[in-house]
């Protein structure tokens, strides 16, 4: 520890601590503009200059490390005069347009001038005008060059955290100006983190411009509902209408960081065709009815099914809260006498193999690491397996990049398509979904070479070599590492190798532990509450002790299929058991906020609250239980999800418990393993956004089946492989309802590397065919893609006519035709 004095106060800090951080630790405020904790130190704004006794010049507190016996003065006359001079210089050319500036009321320059400025100026020359008009950098970011104070925060957060190089400095000295390439940010991630870190009104949110002032807004601290990272966010409304989404400095797992979907995509709650009242199919037409008529129809039908020993299946979306999921599984098990409950439309590999439920439960109870992601990222080696984290969990990707920079640890990265973390990976490998088991097997094999089937083509030989090189390097890195973190994506859960992959994840963790290493395992789910739904019990029971409960059978056709906020007819791959259940059941019940293809075909449609219209909680990828807050009332007459379940149960003479969020959460704490340790004192409090991390339940002894080394299947020279998933601007179909996101990226495309003969300036159309199904979209050329691999965003395939993905084979083999468009006529 280092002993020193600050403003006459004795302090002890760890070696290497800067004066700025030491001052903040004892609540002494030192103003800054260019400094931010997660960014590299620039020390250019000179606002944090302090005086050190015995030294002739003032020194920047952000870049000066405390030394033994040092005496620091943060508010001496010399320091105060320096701050006044620096603010006077900043204001010399800064436009005094606070009344029309979007940053007014929350501007760091404004606040600092009020606190530390001297109140007048000696400068009377005309102000420098860089540009008369603001620059529209892209559809969501606007730049006012005249307000920029050259703190470079935006440049650094873009490059160091997000991983883009979209912003930079043009010219030098007094002519310096922040800009994008060609005054455009077309190739950036559009995340808006540059807006968040900008201390003035230079970078602005285009959707929010001139909409409101901070004092007009009602603020709600809540949790993002678009992926499993669990970002804390502030949704701000004006007169009940969504105004903007922000993230608070150093709050939650994400701090001030959000992705494009999280920051700009939440206007989806005002999109789509909203369902306002219950509907019942009469004469093959969905007809509006009362709640009583709709619920009586369901309860009577359910009673008849139960009386005849029929089968009721349940499905709930991973965007629903813990409380809704808990009450739904109570309705299914206690009232409908069924353990056939599911929590995802997209994981065909799990849906086709019932035994994966037991394996998954074993993994979640025995191996899963219920610790903050930021702690796991400090491991000596991070193995990122089968996830395009930069598209599906962007903020998790930002955190991985930041910790890799700070800790200099190893990153082994495998994904099916190029990833924004490729540039920082120690080793990277393109691997088709389902091959994760083969890779893990190879990493613990005594052989280095990994043989691919049919290696007669030069292309296959090259893939074989890349796999072997990755395995060789990975073995050496894992052998030297004392701690290893496995971050597991969900790509393999769509494939027929889901069971093997889950077994090998468990096996890998055990083998590393046997070698004396500290091992952490976490999933990177691309939906906000996938983990929570499984913990709540929305997972099929195969060996339930309660006699009489209906078990999961992929081949069975249910007499009733109750679906909450999901769309199995379009979201499931062709041939998925859940799709087939929705197609064949005589009674399809859809409970959702927006009209979907499944709802159009349903027997009964029940309106439900949308995101932000009821309170609840999510369990993020860390197993941290976080609050989801109501930001506005729902449409009149719409019942809460829990109320609907309770009324159905009551109609069948069963009580499934109270329906208030606080009471349901209390029951969750009593009944769900691992949730007992949540903080009681904040369950009803608005001041904190999470209840804490759940603790691991007692380990369950499960005998794992024998595992054989699986075969690697990669791309061959005859067929193309098609994969899907989220991208930067789409999360399934939900974000397609966002007007803000609609102009970002490509509207519809097929991404691939067609070869060197294709001109990136030319327009092409790609036609894909599988059997009798075809799909076409413009070609997006990506030279980093593996040969013979195609990617289509999941949202594009979410319609009945675009079901080219099949559950029986994923990745899907397709035939490809590429046509040239817009060819100029030649003389």
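On the basis of being in contact (Cβ under 8 Å) with a residue 24 or more places away in the chain, farther than 28 Å from residue 248 by Cα, in contact with a strand residue (DSSP E or B) (Cβ under 7 Å, 6 or more places away or on another chain) and surrounded by 14 or more Cβ atoms within 10 Å (Cβ to Cβ), does residue 58 make the cut?
In short, yes.
Somewhere in the range 75-93, is a residue more than 18 Å from residue 150 (Cα to Cα), in contact (Cβ under 8 Å) with a residue 12 or more places away in the chain and part of a loop (DSSP other than H, G, I, E, B)?
Looking through the range 75-93, at least one residue is more than 18 Å from residue 150 (Cα to Cα), in contact (Cβ under 8 Å) with a residue 12 or more places away in the chain and part of a loop (DSSP other than H, G, I, E, B).
Out of 815, 751, I need the residue that is modelled with pLDDT of 95 or more and either out of contact with any helix residue (DSSP H, G or I) (no Cβ under 7 Å at 6 or more places or on another chain) or not assigned by TED's automatic domain parsing to the domain that holds residue 188 (or both). Which one?
751
Please go through the range 670-700 and give me each residue that is out of contact with any strand residue (DSSP E or B) (no Cβ under 9 Å at 6 or more places or on another chain) and modelled with pLDDT of 75 or more, ordered by number.
670, 671, 672, 673, 674, 676, 695, 696, 697
Can you give me the number of residues within the range 427-475 that are at pLDDT 70 or above, surrounded by fewer than 17 Cβ atoms within 10 Å (Cβ to Cβ) and under 22 Å from residue 502 (Cα atoms)?
Summing the residues that are at pLDDT 70 or above, surrounded by fewer than 17 Cβ atoms within 10 Å (Cβ to Cβ) and under 22 Å from residue 502 (Cα atoms) in the range 427-475 gives 3.
Regarding the range 550-560, can at least one residue be identified that is outside the structural domain of residue 385 (by TED's automatic domain parsing), at pLDDT 95 or above and surrounded by fewer than 16 Cβ atoms within 10 Å (Cβ to Cβ)?
Yes, the conditions are met somewhere in the range 550-560.
Among the strands (runs of 3 or more DSSP E) confined wholly to the range 266-341, which include 1 or more residues that are under 35 Å from the mean Cα position of the chain (by Cα)?
279-282, 312-316
Identify, please: which residue in the range 116-173 is closer than 30 Å to residue 77 by Cβ, surrounded by fewer than 19 Cβ atoms within 10 Å (Cβ to Cβ) and modelled with pLDDT of 85 or more and is, among those, nearest to the chain's Cα centre (by Cα)?
Here the residue is 150.
Can you name every residue in the range 26-44 that is surrounded by fewer than 16 Cβ atoms within 10 Å (Cβ to Cβ) and closer than 20 Å to residue 76 by Cβ?
Hits for the range 26-44 are 26, 27, 29.
Can you tell me how many residues in the range 767-796 are farther than 24 Å from residue 187 by Cα and in contact (Cβ under 8 Å) with a residue 60 or more places away in the chain?
2
If you scan the range 646-662, which residues turn out to be within 16 Å of residue 617 (Cβ to Cβ), assigned to a helix (DSSP H, G or I) and either in contact with a helix residue (DSSP H, G or I) (Cβ under 9 Å, 6 or more places away or on another chain) or outside the structural domain of residue 336 (by TED's automatic domain parsing) (or both)?
Matches in the range 646-662: 661 only.
Would you mention how many residues in the range 573-598 are surrounded by fewer than 20 Cβ atoms within 10 Å (Cβ to Cβ), touching a residue at least 60 places away in the same chain (Cβ under 8 Å) and part of a helix (DSSP H, G or I)?
Result for the range 573-598: 1.
Run residue 30 past the list (1) modelled with pLDDT of 95 or more; (2) within 38 Å of the chain's Cα centre (by Cα); (3) in a helix (DSSP H, G or I) and report the number of the one that doesn't hold.
(3)
Only one residue in 821, 744 is surrounded by 12 or more Cβ atoms within 10 Å (Cβ to Cβ), closer than 29 Å to residue 140 by Cβ and modelled with pLDDT under 90, so which one is that?
Testing whether each residue is surrounded by 12 or more Cβ atoms within 10 Å (Cβ to Cβ), closer than 29 Å to residue 140 by Cβ and modelled with pLDDT under 90 leaves just 744.
The values are calculated or read from the model by the stated rules, or taken from the named source; none is laboratory data. Only a predicted model underlies this, so the values are computations on that prediction, with no experimental measurement involved. Cβ: placed from backbone, ideal geometry, glycine included. Neighbour counts: every protein chain shown.
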